[in-house]
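The values are calculated or read from the model by the stated rules, or taken from the named source; none is laboratory data. Worth saying up front: this structure is predicted, and the values here are computed from it rather than measured. Positions of Cβ are generated from backbone atoms using ideal geometry, with glycine treated the same way; all protein chains shown enter the neighbour counts.
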Amino acid sequence: MMLATSCSRFDANGSLSTWGYVLLALDLFAMFDVFRQPWTIGKKLLWAAVIFFFPFIGLIIYFMFAGRGKSNTGVV
């Protein structure tokens, strides 16, 4: 039981723990990265849904298997 409670994203008072803030920041970064890619809107929405519904595992899957390339924003 101790392991399950120590891995929570929330503290005892209901606020985000440090791990929760790190995961939130990484998920937001991944979401912005998804919509910067020169993919079709369907592929962007699919990856965004994976990251949204599975925050930790989706983040790992995205960075390992997305096949990300350079964005088409023109920013160097």
Self-check item: Close pairs (7 angstrom Cβ cut-off, 6 or more residues apart or separate chains): of a type in the set (A, V, I, L, M, F, W, C) in the stretch 41-62, outside any helix (DSSP H, G or I) anywhere
Solution: TRP47/ALA66
Quiz prompt | Elements of type helices (runs of 4 or more DSSP H) contained in the chain, each with 1 or more residues being of a type in the set (S, T, N, Q) and modelled with pLDDT under 85 | solution = 2-6, 18-36
